[in-house]
Each structure stands twice: as structure tokens, then as C-alpha cells.
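Here is the structure we will look at, set down as C-alpha cells.
The values are calculated or read from the model by the stated rules, or taken from the named source; none is laboratory data. Because the structure is a prediction, the values reported are computed rather than measured. For neighbour counting, all protein chains shown are included, and Cβ atoms are generated from backbone atoms with ideal geometry for every residue, glycine included.
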Amino acid sequence: MRRASRDSWKESRQVKRKNLASATALVAASVLALSACGEAPEESGSGGGEAEGADYKACIVSDAGGWEDKSFNESAARGLEQAVEDLGIEEARAESQSDSDFAPNVDSMVAQGCNITMGVGFLLESALHEAAEANPDLHFGIVDSTFSDADGNVAELENGKPIIFNTAEASFLAGYLAAGMTETGTVATFGGIQIPSVTIFMDGFVDGVEQYNEDNDEDVTALGWNKDDQEGSFSGDFDNQSQGQALTEQFISQDADIIMPVAGPVGLGAASAAQEAEGTKIIWVDSDGYESTDYGDIVLTSVMKQIANAVEDTIAEDVNGNFSAEPYVGTLENEGVGLAPYHDFEGDVPAELDERIQELREQIISGELTVESPSTP
């Protein structure tokens, strides 16, 4: 046991949706679709912003985690809200309750005449891709994924913008921090579903632990993910908090005292289990978990993605006639990703450990140190 003396895919795109024959048919189709969805889209009027947004509608569809997931859906919704306030635009949103809601919810946004429809998460890619191909005069965006062809290769759409994040960079720093703060010599991570936007976190985390071991001639163990084999622990979805709790209890039984769940709301189950085990901490992802969850007292830090800013910026570009299909990639350099403050643990993180983490951050930004992942955008 270490001392804490560190004090010292997809289906073929060949079948495309038919364009609906008329506006009447579009509205009828949307009503039918919504009746099958988990929750009808919410609409709001325009805010008090700029005049050019008065006839513009931005829309967004959640994945099954919902708008109050304390993670990426909630962050994306915040970006839309800010765009409404700043630009004076209309908005609509649809909250998906399951995967079967994705296509109907995207269709309902198209039926409402949304200028841009954004989906949150890798799992919405298929529905957005097909809608974009069927409606070349409208714009689409996807958070946390690229668009891809029938063989799973990256595909470029003239009217589709990927919003993606190189979270391996910030997760590397989180892994280094975890290795420097563990009192048991064991840390862990797990994912919701094994998709690139999840495993990229896990890749960076275990690499950060390895870097710490090399720097300090230590042997901290990282449970839950083997980067070389791309195999590890997953809850199976982003909804089942009890599964997150069970996985975390398993890690705790193996002496892990710092755990990073990459699983949206499933992470709340992990936090609940960690809170019951004295001395156990978590590292949150996507948002600052100290502020967005009720478990701030055990959140060591968070690997943040500035999703809200990216969503708002994408909408603003479109409102101003500057839509670009070029992917937005959040990095440490452009502050699209980063580590949250240590908050309650500020006084517990040794100065030399924090200094080394800041050095590594600057080395990544300068290119002196490259953090690699099979899922790097």
C-alpha cells in the first residue's frame, strides 16, 4: 500500500429517407413521430438578442441520458439556451428516452423547419446522417462524433458539422493526478458504452497513470481498461445507475480509491458507491462534477469538455451565414478540454504534483508530448 506521503456500423446509408411531399405532410409526420417518442419537443420563443436571429430556429435532440444528465446532454442544452439569449433565435428540443426515439425526434426537428438540428452523442449519428442527406438545404451538427459511411469510415457532409473533443489530453492529466493522489496504489475507470467518445477518455487516463509511474518509479495499478487490447469494463448504457454503482463497488473491493466513470448519468451511481466508502474519490467527466452533481465533496477534479461553448459558437456561425462543415475539435490548446479545479481537495494536492501536471499540460499544448489514442479526432 502506498502512503499518502505524496504530501512530500453501421447500417448502409444507401437507403435514404424520402423527402416529404408538402409542409402539411411534414407536420403530420412529426405529430405521428412525436406520439411514439419519449417526450415531445419543447419550444421557446426568441430572446432579446440580435435581429438577424428573429427568423432562425436552432434545435437539439438528446440521447437517452436526457437533459438533466449532469453531463454532455445538459451541457449541450446550456449552449442552445445561451444562443437563444444572445442571438434572439427560436429553439426546439426533443428529449430521447431510448434509442428508438432518435430518428423520430430528428425527423420532428426537420418537420418544424429547424435551420440547424444538433444531436448529442455518437448514437445519434445514423439518424442525423440520413436526415442531412435527405435535406441538403438544412444544417446539422453532432456532438461527440464524426459522420461516417456504411463501412464506419469518417465521411464528410457539406451540411453536417462534427463537434468533437480530444479528451485524451485532459484525461492524461487526470490519470497522472489520480496516480499521485491514491493512497492504495490502485485507481480505476469504466465506460458506459464502448464507443470512441468514451474510450478516448479511458486511453488518456491509463496513459497518465503510466507516465506517473515512469516519472516516480512507482507501480500504481489502473483497473477497468487495457489500452493495448482496447478491452475493459462498461456498464452497457448511459442510464443504469445501479450498474455504475455495482462496477464501482467491485473496484473498491479491489482497493481502488479513485475512480473515473465515463458514463453520463451512470456516473451518479458510481459516485453514490464511492461516497459510502471512506476515502474514495471520483473524477467526473464532461462537466465540472463539483458544481453539476450532489457529490462535490468526493470529486477530486473533472475532465471537462466545453460543449456549451462549441454548440453556441456553431449556432452563431450559422445564424451569421458562416456555417462550416469543418469539424470543431476541442483541445487543451484551444481550451475546448481541460481539468476542473480541485475544489475541496485544493489543499490536499501536493504543490510538486500540481506543478508537474501543469508542466505536462504545457508540453501537450506545445507538441513536445503527444497523447495518443485510437479514437483521437
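Descriptive notes on the structure:
- Members of the range 317-333 that are in a loop (DSSP other than H, G, I, E, B), crowded, with 16+ Cβ neighbours inside 10 Å and either within 19 Å of the chain's Cα centre (by Cα) or not aromatic (Phe, Trp, Tyr) (or both): ALA325, PRO327, THR331, LEU332
- Taking the range 68-122 as the range and being of a type in the set (D, E, K, R) and either in contact with a Phe, Trp or Tyr (Cβ under 6 Å, 6 or more places away or on another chain) or in a helix (DSSP H, G or I) (or both) as the test, the residues that pass are GLU74, ARG78, GLU81, GLU85, ASP86, GLU95, ASP99, ASP101, ASP107.
- One residue from ALA256, ALA246, ALA178 being of a type in the set (Gly, Ala, Ser), within 21 Å of ILE298 (Cβ to Cβ), outside the structural domain of LEU138 (by TED's automatic domain parsing) and surrounded by fewer than 24 Cβ atoms within 10 Å (Cβ to Cβ): ALA246
- Leading residue by the ranking (farthest from ALA310 (Cα to Cα)) among those in the range 76-126 that are crowded, with 24+ Cβ neighbours inside 10 Å and hydroxyl-bearing (Ser, Thr, Tyr): SER108
- Members of the range 339-374 that are surrounded by fewer than 20 Cβ atoms within 10 Å (Cβ to Cβ) and within 30 Å of ASN153 (Cβ to Cβ): ILE365, GLY367, LEU369, THR370, GLU372, PRO374
- Of all the criteria given as (1) surrounded by fewer than 20 Cβ atoms within 10 Å (Cβ to Cβ); (2) over 29 Å from ASP228 (Cα atoms), the one not satisfied by ALA310 is (1).
- So PHE201, is it crowded, with 24+ Cβ neighbours inside 10 Å and touching an Asp or Glu at 6+ places or on another chain (Cβ under 6 Å): no
- Filtered by the rule that a residue be surrounded by fewer than 18 Cβ atoms within 10 Å (Cβ to Cβ) and among the acidic types (Asp, Glu), the range 152-171 gives GLU156, GLU158.
- Test: residue in the range 54-67 that is in contact with a strand residue (DSSP E or B) (Cβ under 9 Å, 6 or more places away or on another chain), part of a helix (DSSP H, G or I), modelled with pLDDT of 90 or more and crowded, with 21+ Cβ neighbours inside 10 Å: no
- For ILE163, the conditions (1) farther than 22 Å from ALA308 by Cα; (2) in contact with an Asp or Glu (Cβ under 8 Å, 6 or more places away or on another chain); (3) of a type in the set (A, V, I, L, M); (4) not in a loop (DSSP other than H, G, I, E, B) all hold with the exception of (1).
- Test: residue in the range 210-218 that is touching a His at 6+ places or on another chain (Cβ under 7 Å) and surrounded by fewer than 18 Cβ atoms within 10 Å (Cβ to Cβ): no
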